[in-house]
Amino acid sequence: MTVRRALTAVAAVLLLVPAVLGPPAGWIPGGTAVLVLALAALHRPLGPRSPVLAPVAAALLSLAVDAGYFGDHGLELLWMPAEFAALLALVVRAVRRLPARPAWAAGALTTAAALALPLRFALRQPVPLDASVAGLVIAVAPVATALGAALYLRGQDDRRARAVRDARHEQRLAVARDLHDYVAHELTGILLEVQAAQVSGYDPDENARLLTRLEAAGQRALASMDHTLDTLRAPDDAAPRRHALTELPALLDHFPDRPALHHPADLPALPPAVEDAAYRVALEALTNIRRHAPAADRITVAVAHHPGTGLTVTVTDTGPAHPHARPGGGTGLTALRTRIADLGGELTAGPHGTGWRVAATLPTA
């Protein structure tokens, strides 16, 4: 800021030299040029609201001199280039950086001042119409260039801001998905284990096994939380967390009554994103069964690959039906449906016989 002020002071001194050496009337256009330059060059010359007030004040000051100065108009040519350049800088700044409504108001006023500036000299010539047309022609090209540059830069800034917002939103969604898929899954298991223990008789052996399961689930929840925090600290280009279908048996081992798994041994190589989505379908469906239908007596996870259709993952239970499940699933299934749709697949969830079924189809090409 000190360098900018120093350069502005030097420019002001140089602009005022002709006014000092010339007639007194030269102080009006000279002083106007210095003030407009200061409004354009200094940082917040009019306080916190300078981004709006500076272009408006500069434009009104310039237009006032256009209308009210009746001195020697030949002297104006000494200061017009500096004032014109300062007005163009204010046009670019206002249109690029201000919010939409103030940008258009301040930009239009400053643009009008820049276009009218040559008329301060042209309208007082012997043939004012020809001189005015020539002045406007000369002014239009740089003003249009300034407006075009400001609009282009504004568009770039908007796209950059949207990209940052989208990246932050996606990061929040990724963290929410991890918390829902892993931490909430383990906490749901812990809660149901504790609820079941409260209604059953005390058995030392079963109590020891229960505490072992609770400890393991708590350790997994803490590990998932640590992984989520590591994801937040990781660089932006870090690879996302992926799961493979080979992890399904270990996932099913976490359930007291291990679900049946139908998994072909000759699955072809699949894209990592597809395997990860398939794993999450099974995790979400099993978590919902544990939460909404803990009394389900038979649970089946089926994975199949069809060359014409793709990979299918189906999780069914024989009930009783999920009494608290909403049509189409809750937030977990909604987020999962969006993830699968992004891959070109489809997810359905709903009643199936006396129980519930979640089915996903994922293209593998």
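The values are calculated or read from the model by the stated rules, or taken from the named source; none is laboratory data. Just so it is clear, the structure is predicted and the values come from calculations on it, not from any experiment. All accessible areas refer to the heavy atoms of the entire protein, side chains included, with ligands and DNA or RNA removed. Shrake-Rupley method; radii C 1.70, N 1.55, O 1.52, S 1.80 Å.
For V133, the solvent-accessible surface computed with a 1.4 Å probe is close to 80 Å², ligands and nucleic acids excluded. Given a 1.4 angstrom probe, I'd like the percentage of the accessible area of the range 12-99 that is carbon and sulfur, rounded to a whole number. Carbon and sulfur: 75 percent of the exposed surface of the range 12-99. Residues I138, I299, I340, I28, ordered by accessible area of protein heavy atoms at a 1.4 angstrom probe radius and largest first, appear as I138, I28, I299, I340.
Computed with every protein chain present, the accessible area of L119 is close to 40 Å² [probe 1.4 Å]. Amide H to amide H distances under 5 Å link H352 with R357, where only residues 5 or more positions off or on other chains count and H is placed in the peptide plane.
The relative contact order of the range 35-107, computed from alpha carbon pairs under 8 Å that lie at least 6 residues apart in sequence, is 38 percent. Of the whole protein surface, W27 contributes about 120 Å² of accessible area at a 1.4 Å probe radius.
Heavy-atom accessible surface of the range 10-101, averaged per residue, reaches 49 Å², computed with a 1.4 Å probe. Gyration tensor over the Cα atoms of the range 3-93: the corresponding equivalent ellipsoid has semi-axes (square roots of 5 times the eigenvalues, largest first) of 22, 15, 10 Å.
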